[in-house]
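What follows is calculated from the coordinates using simple rules that are stated; it is not laboratory data. Here the structure is a predicted model, which is why all the values come from computation and not from measurement. Virtual Cβ from ideal backbone geometry, glycine too; neighbours counted across all protein chains shown.
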Amino acid sequence: MILPSASTSGLWSVVTAVVLGILFLKLLTSRRKNLPPGPRGLPIIGALHLLGKYPAQDMAKLAKTYGPVMSLWFGQQLTVVASTPAAAEEILKTQGANFSGRVKNSYSQIIFPEDVTFQCDTPARLHLKKILHIQLNTAKQLKNTASLRAVEIAHMLRMIPQDGKTAVSVRNYVDVVVTNILSFMILKKRFMAVGALHAGQGDELAELEQVRQFRLLMEGIAKFSLENDYGDFIPIFKLIDIQGIRSRMWSIREQMDAFASKIVFEHLEQRKSCSLHEKDMVHVLLDQMEDDTLGFKITNQMVSSAVWNAFSAGTDTAVHAVEWAISECMHNPNVMSKAQAELDAVVGKSRRVEESDIPNLKYLHAICKEVFRLHPASPILFPHWNKNACMLFGYDIPAGTSVIVNVGAIARDPGIWEDPLVFKPERFLEGMPHANTDVQGHHFELLPFGTGRRQCPGIGLSLAMVHILTATLLQGFDWSLPKDLRPEDLNMAEAEGILSVRAEPLRAILKPRLSIPPIVN
C-alpha cells in the first residue's frame, strides 16, 4: 500500500473541497429555482419530520400556510403537493401526459414490479391496464357478473349472525364477499371459504390453509404500503437497509410469486379444456403471453403483478367504504332512517334489493358519495412523476419531481364544501350545489379514484360492490351497538397512516327487518 505524503494529502484535500463545493452550489442553485413555496427543511431529512401519524392532514395544514401548490423536500427528493381542484386538474388533465410517470421506490420496485399501478408508462403497462379494464370495469362485464355478486351476498346473509344479540365484525363479512367476487372474476374460484370465519366443515376445510396464506400476504402488502424506506429519500440509506424493510419486502415478494406461480400452473392445466366464455383474467393474460403480434412480451412477472394489483386495490377500497357507510349511518341515526325509508319505498320489504334497483336509490347514492368524500380510500393519490421540466401556476417544476394530489384536503376544503367535516349526504341531492358531482373523475373537487391516465382501473366494479352491499345491509337489518353504546359514542377515528381505515373495526348487533324468510342455503 502506498501511503499519501503530506503534499499529496494536501492536494487531495483541495480536490475534495472543490468537489464538495461544486455539489453544494449545485444543490443550492437547484433549490433557488422558482419552486413553489414550502417549509424550510432540516439537514439530511428535509421536511420528513413535519409529517406525523396522518400525512394527508399534515399536508393540508401546511398548505394553509404555503398555498395550494407547495414544495416539500423529503430527504433529497423534491415533492410538490397540490391541494385545490384547479391544481389537480392542471396535473391530472391539462398536463396529464407529462405527469403520468410514477416515482420509483422500494415498494413499487420490489412488491409490484412490471405492474399497472406503480410503473411508468410502457406499451406493456398500457396493454395490461386495458385488460384489467375489460375484465373488471366495462358495462358488459359488470352486467355479466351481477349474478355472481348476488350469489356471494346470499352466502353472506346465510352466515352472518342476526340473532339480535351477537356483536358482528362487519368488515370481516364484507371482506369475504368482496374477495370472493374478485377471485371468481380473476381465477374462476371462490377463494375465501366461509370456513375462514367459522372453523369450517367438510370441503371448506380443504381451502383454509390457502385462504390463510392469501390473507397473510394481503396483510403484508398493505402493511408495506404504510411504511417509508429511508433509502427512498436519503441516498446513503439506499446502500444500507437500516430498517430491514427491503429484506422483509423481498420475503413477501417471494411468497407472492410462489402463490401466483401455483395459480398460473393450475390455469395452464385447465387451458386446453376452456372455451372462450369460461376464461377468467389469468387465462386471458396467459393467452397474451403467447401473442407474438403485440410488439412486446408479457412476462410471468407481469401476470403475477396484475393478479395482486386487482386483489389489493379492489378489496381494500370496497371493504372499507362499506364499513364507513354503515358506521356513518349508525353514528347518524337520521341518515339511517332516511336510507331505510327510501329502500322500503322503492324496493319494499317483501323482497331483497337487487342491482337493478340501485339507479332509483338516490339517497343511497348520496350516502356513498359522502363516504368517498369524507373517507377516500387513499386521501393522497399515489405520487406522480413528471418526465419533462414544466411550469405549474408560474412555478418551475424540474423533471423527475414527485407530485402528490391531496384529494383528502380538497374534499374537506371549507371553501368548496359547507360543513366539510360533517357527514351530510343531502349535499348531493337534487337542488343542492353538488347534485351533479360524481366520483368518477369528472369533477376535480371529488377524486377518490383519481382521474385521467392513472385512474383506478377497477372503479366500476368497486362502485357496484359498494352500492349493492351497502343497500343490502341497510335494507336487511336493524342495527344497534353492543354494550348499550349510544350512536354518538361510536368511535369514528381513522387509523394512523396514509389510508382511510377505521381505527377500530365496526362491531354491531343485527336484527332482521324484512318480512321474508332468512337465507338458509
With label points set 7 Å from each Cα along the Cα-to-Cβ direction at residue 242 and residue 503, the distance between them in nm comes to 3.0 nm
Quick numbers on the range 34-161, Rg and Dmax over C-alpha atoms in Å, give 20.6, 62
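So which of 143/165; 93/387; 129/387; 140/362; 165/369; 189/349 end up more than 27 Å apart by C-alpha?
143/165; 165/369; 189/349
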Sorting 300, 243, 268 by the position of each Cα along the dipole of the chain (Lys, Arg +1; Asp, Glu -1; all at Cβ), the one nearest the positive end of that ordering is 243
Output for the range 430-497: GluC sites (Glu not before Pro) sitting in coil per DSSP, at most 12 other Cβ within 10 Å, listed by number, reads 430
If each K or R counts +1 and each D or E counts -1, the residues other than residue 250 whose Cβ falls under 11 Å of its Cβ total 0
Between the Cα axis of helix 6-31 and the main Cα principal axis of the chain, the angle (0 to 90°, nearest 10) is 40 degrees
Quick note on 118, 296, ordering by fewest other C-beta atoms within 10 Å, gives 296, 118
Scoring only Lys, Arg, Asp and Glu (+1, +1, -1, -1) among other residues with Cβ under 15 Å from the Cβ of residue 433 yields -4
Final fewest-first order of 293, 315 on the 10 Å Cβ neighbour count is 293, 315
So, with points 7 Å from each Cα along the Cβ direction, the residue 349-residue 297 label distance in nm works out to 6.4 nm
Taking only the alpha-carbon positions of the chain as identical scatterers, the Debye log10 I(q)/I(0) at q = 0.07, 0.12 Å⁻¹ comes out as -0.44, -1.21
For the range 408-521, the percent of all C-alpha pairs falling in each 10 Å bin, from 0 up to the bin holding the max distance, is 10, 28, 38, 20, 4, 0
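Would the range 356-453 count as rounded, prolate or oblate if I go by the C-alpha gyration tensor, calling it rounded below 1.5 in a/c and otherwise prolate when a/b exceeds b/c, oblate otherwise?
Here the range 356-453 falls in the prolate category.
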As a Kirkwood estimate from alpha-carbon pairs, the range 455-521 has a hydrodynamic radius in angstrom of 14.9 Å
One finds, for residue 493 and residue 266 with R0 = 51 angstrom and r their Cβ-Cβ distance, a FRET efficiency to the nearest 0.05 of 0.75
HN-Hα couplings for the range 244-254 via Karplus (6.51, -1.76, 1.60; θ = phi - 60°), in whole Hz with x for Gly/Pro, come out as x, 6, 5, 5, 5, 5, 5, 5, 5, 4, 4
For the chain, the dipole about the Cα centre with charges only on Cβ (Lys and Arg +1, Asp and Glu -1), to the nearest 20 debye, works out at 720 debye
Once both label points are put 7 Å beyond Cα along the C-beta direction, the residue 511-residue 480 separation in nm becomes 0.4 nm
